Amino acid sequence: MARRTAVERFFAKVNMKGLDDCWLWTAATIGSQRNEGARYGRFWYEGRMVIAHRWAYEHWIGPIPDDYDVHHTCRNTLCVNPRHLKAELSEDHSVESANHRHGREQKEKIPF
């Protein structure tokens with residue numbers, strides 16, 4: 001029996017609906033020390049445990065620059081859809097996450 005590729009193993013742990021919907025991680029998770037209550041997917045890749053959304057970003061978008069975090073634009077930390085992931089400076093990501101948790105996120109202004 002052939003060994004499954006990393007992509008096959010990854011998608012075996014994802015509840016994927018449409019291309020623009022959240023792709024929810026359904027396997028092992030780890031809690032965040034910085035973001036209270038947040039859970040992030042994780043899985044084994046090349047002999048080490050990796051964070052699933054970061055692996056998705058690197059696999060489909062590219063390397064994560066130094067001092068950057070991967071932000072979930074959908075605000076769902078179990079989402080691994082690369083269309084919902086964006087690299088942000090770590091300090092900007094921390095401020096934005098804290099503002100959202102405390103209800104201080106700026107709302108987009110509607111021009112009408």
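Please enumerate the residues belonging to the stretch 44-63 that are within 12 Å of the chain's Cα centre (by Cα) and either exposed (fewer than 11 other Cβ atoms within 10 Å of the Cβ) or not in a helix (DSSP H, G or I) (or both).
If the condition is that a residue be within 12 Å of the chain's Cα centre (by Cα) and either exposed (fewer than 11 other Cβ atoms within 10 Å of the Cβ) or not in a helix (DSSP H, G or I) (or both), then Val50, Ile51 are the ones that fit.
Quick one: is Arg9 basic (Lys, Arg), outside any loop (DSSP other than H, G, I, E, B) and farther than 25 Å from Glu91 by Cα?
Judged against the criteria, Arg9 is a match.
So is Val70 among the β-branched types (Val, Ile, Thr), modelled with pLDDT of 90 or more and touching a Cys at 6+ places or on another chain (Cβ under 9 Å) or not?
Here the answer is no, as Val70 does not meet what is asked.
Check whether at least one residue in the stretch 29-43 is under 30 Å from Glu91 (Cβ atoms), among the aromatic types (Phe, Trp, Tyr) and not in a strand (DSSP E or B), and report yes or no.
No.
The values are calculated or read from the model by the stated rules, or taken from the named source; none is laboratory data. For clarity, every value in this text was computed on a predicted model and none was experimentally measured. Note that each Cβ is placed from the backbone with ideal geometry, even for glycine, and that neighbours are counted across all protein chains shown.
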